[in-house]
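Accompanying notes for the structure given below.
The values are calculated or read from the model by the stated rules, or taken from the named source; none is laboratory data. Just so it is clear, the structure is predicted and the values come from calculations on it, not from any experiment. Cβ atoms come from the backbone with ideal geometry, glycine included; neighbour counts cover every protein chain shown. Ligands, DNA and RNA are stripped out before the accessible areas are found, and what is left, the full protein with its side chains, is counted by its heavy atoms. Shrake-Rupley method; radii C 1.70, N 1.55, O 1.52, S 1.80 Å.
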Amino acid sequence: MTSDRLIIFDTTLRDGEQSPGASMNLAEKLEIAQALRDLGVDVIEAGFPIASPGDFEAVRAIAREVEGPIICGLARCNDEDIDRAWEALRDAPRKRIHVFLATSAIHREFKLKMAKEEIVRRTVAGVQRAKSYCDDVEFSPEDAARTELDFLAEVVEKAIEAGATTINIPDTVGYAVPTQYAAAIRYLKENVRGIDKVVISVHCHNDLGLAVANSLAAVMEGARQIECTINGLGERAGNCSLEEVVMAIKTRNDFFKLQTTINTRRLYPTSRLVSNITGIQVQRNKAIVGQNAFAHEAGIHQHGMLMHHATYEIMRPEDVGFSKSNLVLGKHSGRHAFRERVKELGYHLDDEQLNRVFEEFKSLADKKKEVYDADIEALVERVIHRGAAMWTLEAFTCNAGSGTLPSAAVALWRQDGTIIRDAGVGDGPVDAVFRTIERITGIDVNLKDYHVRSVSKGEDALGEASVEAEYNGRTYRGRGLSTDILEASAQAFLEVINKIAMKRPGIPSINPAHLSPEERPDPGV
Ligand code: KIV
Ligand code: ZN
């Protein structure tokens with residue numbers, strides 16, 4: 001099936017969520033699914049329903065609430081997985097079951113311990129079962145890129161006979177190189193009966209940094225679905241980046257001559273949203289959505305840009321959703337101008353959210369002369385995602401300097417309305433604040449990463465602190481934003497603590513020393 005329409009299959013919520021530390025809760029997944037719909041993706045792979053009750057609920061909620069794209073759920077080739085996927089998907093107006101089974105020799109021998117005949121038998125049974133529920137069935141021979149081509153062709157042909165409508169060829173471990181991967185697609189097109197009746201899809205991992213190149217090479221051989229993720233999130237080094245592959249197709253339309261339905265102006269806001277929710281930052285020089293993607297530093301480039309933007313710019317920043325004007329509002333700006341700017345940046349806030357962001361904007365504008373788009377985006381995202389936190393920072397002070405013992409006093413507001421105060425010492429002021437927060441909340445984490453960056457320009461720029469910490473073998477990330485980097489750090493740390501507290505229902509998230517005698521757990525229990 002070769003046409004000039006390229007299907008964009010987004011797997012941010014499934015493969016993307018498999019990035020270490022990127023796990024999301026149901027509300028966050030729904031919000032991303034809605035953003036993906038607004039972006040114009042064709043298919044949303046919403047999760048792997050058998051993987052956990054949380055995954056199941058998220059796929060079901062997205063199937064019920066997100067209309068427009070096809071909602072897809074992943075399943076291994078066994079009845080239990082497929083039934084569970086169907087259960088989660090059944091209410092979606094448009095749905096797809098995606099079944100997979102590994103085919104490469106290394107997976108057959110060491111992971112599955114199955115002979116080739118067994119792989120073929122299970123593939124057929126899996127596709128048939130999925131087909132008994134749903135017309136739209138995708139089959140993936142996992143690790144296809146390392147599978148013997150004749151065996152790959154045999155499995156794919158049997159999957160098509162059994163009813164698969166999309167055949168996905170994953171480069172599961174990011175091992176392929178463009179010409180070889182393209183040759184594999186050509187081989188399948190030439191050797192598999194029925195292949196012209198289905199959509200050929202590609203799913204490339206980025207272990208060698210070739211995921212986008214491999215996907216585009218496959219498209220040149222007739223693949224018409226690309227599986228990709230926002231910001232290239234995914235297992236290990238990630239998946240093919242949606243924004244990169246879409247902008248390559250659009251910018252080099254003279255070469256690819258293909259169309260997608262992506263509203264490219266939503267790329268940057270969607271990238272920001274995903275980065276904010278997962279806590280995984282986008283590298284500054286990342287193509288398309290990195291902060292430097294459209295920044296021109298060298299004088300000779302700036303001069304060329306002034307003469308004609310196309311001298312050094314192959315895409316316009318506004319085409320991917322970077323705003324045209326960067327300098328925006330100040331403390332005299334009114335609510336109306338603010339609301340308009342927020343809308344232009346692509347956010348739909350209700351009145352209550354807008355009021356909250358506007359208040360924060362006003363207090364920021366008091367501290368900072370010029371408020372940039374990046375500041376506003378950061379404020380909006382913080383307000384939208386703060387949610388019902390167990391702990392909020394009420395106040396803190398720090399004492400540090402040479403020859404003194406760094407110390408901090410912190411007051412936290414607990415969800416039940418009580419304010420708890422404590423003080424502690426640390427190796428530096430930030431460490432003292434973090435340790436005091438741990439003392440108050442009773443949650444001791446293993447700090448893995450901490451850094452601070454400036455969100456916009458100028459000496460009075462907002463600082464964004466990011467914290468990554470481990471607790472009970474899981475990684476949690478938090479971000480904080482303030483003109484005071486110590487406050488931003490405390491907020492980022494508290495976000496981590498709040499995420500952990502949410503995961504331990506029933507356990508009071510507080511140091512027992514701070515509980516009233518009636519609240520303290522019975523020592524005999
Ligand atoms: O990388 C992979 O092989 C996958 C499959 C489940 C499609 O993610
Ligand atoms: Zn994958």
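Worth a mention:
- For the chain, the share of DSSP beta bridges that are antiparallel, to the nearest 5, is 50%.
- Among the listed pairs K131/K257; K158/K189; K343/K499; K29/K197, a Cα-Cα separation exceeding 26 Å is found for K131/K257; K343/K499; K29/K197.
- By a 1.4 Å probe calculation restricted to protein chains, S3 has an accessible surface near 60 Å², given to the nearest 10.
- Proximal aspartates and glutamates to K116, defined as alpha-carbon separation beneath 17 angstrom and excluding residues fewer than eight positions away on the same chain: E142, D143, E148, D150, E154, E157
- The range 409-452 and the range 175-221 have Cα centres lying 50 Å from one another.
- Ligands, DNA and RNA excluded, the heavy atoms of K197 present near 140 Å² of accessible surface to a 1.4 Å solvent probe.
- Cα-centred dipole magnitude for the chain, charges only on beta-carbon of K, R (+1) and D, E (-1), debye, nearest 20: 460 debye
- Amide proton proximity set for G47, modelled H, under 5 Å, gap of 5+: L74
- Within the straight-line cut-off of under 16 Å between alpha carbons, the lysines reachable from K367 are K331, K457, sequence neighbours fewer than 8 places apart in one chain being disregarded.
- Of the solvent-accessible surface of the range 323-385, computed with a 1.4 Å probe over protein heavy atoms with every protein chain present, carbon and sulfur atoms account for 47 percent.
- Largest accessible area first, the residues E65, E57, E28 order themselves as E65, E57, E28 under a 1.4 Å probe with ligands, DNA and RNA left out.
- The residues of the range 115-204 have, on average, 40 Å² of accessible surface per residue, using a 1.4 Å probe with all protein chains present.
- Computed over every Cα-Cα pair of the range 176-302 and binned at 5 Å starting from 0, the pair-distance distribution P(r) comes out as 2, 10, 18, 20, 19, 14, 9, 5, 2, 1, 0, 0 percent.
- Binned Cα-Cα distances of the range 391-512, short to long, each 5 Å bin given as a whole percent: 2, 12, 22, 23, 21, 13, 5, 2, 0, 0
- Taking the alpha carbon gyration tensor of the range 1-98, multiplying each eigenvalue by 5 and rooting it gives semi-axes of 19, 16, 13 Å, largest first.
- Hull volume per residue, based on the alpha-carbon atoms of the chain and their convex hull, is 184 Å³.
- Compactness relative to 2.2 N^0.38 Å, alpha carbon Rg of the range 323-385: 0.98
- For M502, the solvent-accessible surface computed with a 1.4 Å probe is close to 120 Å², ligands and nucleic acids excluded.
- Between the amide H of T261 and those of I8, distances stay under 5 Å, these residues lying 5 or more places away or on another chain, with hydrogens modeled in the peptide plane.
- Per residue solvent-accessible surface (Å²) - the range 328-483, probe of 1.4 Å: 49 Å²
- Above 35 Å, the calculated P(r) of the range 7-278 contains 8 percent of its Cα-Cα pairs.
- When both the range 2-28 and the range 258-297 are represented by their alpha-carbon centers, they are found 15 Å apart.
- Taking amide hydrogens as placed 1.01 Å from N in the peptide plane, the amide H of R90 sits under 5 Å from that of no residue at least 5 positions away in sequence or on another chain.
- Summary value for the chain: 10 percent relative contact order, contacts being C-alpha pairs under 8 angstrom separated by 6+ residues.
- Here is how the number arises for the chain: DSSP H runs of 4 or more residues each give -39500 (n - 2.57), the sum is divided by the residue count, and the result at 222 nm is -12000 deg cm²/dmol.
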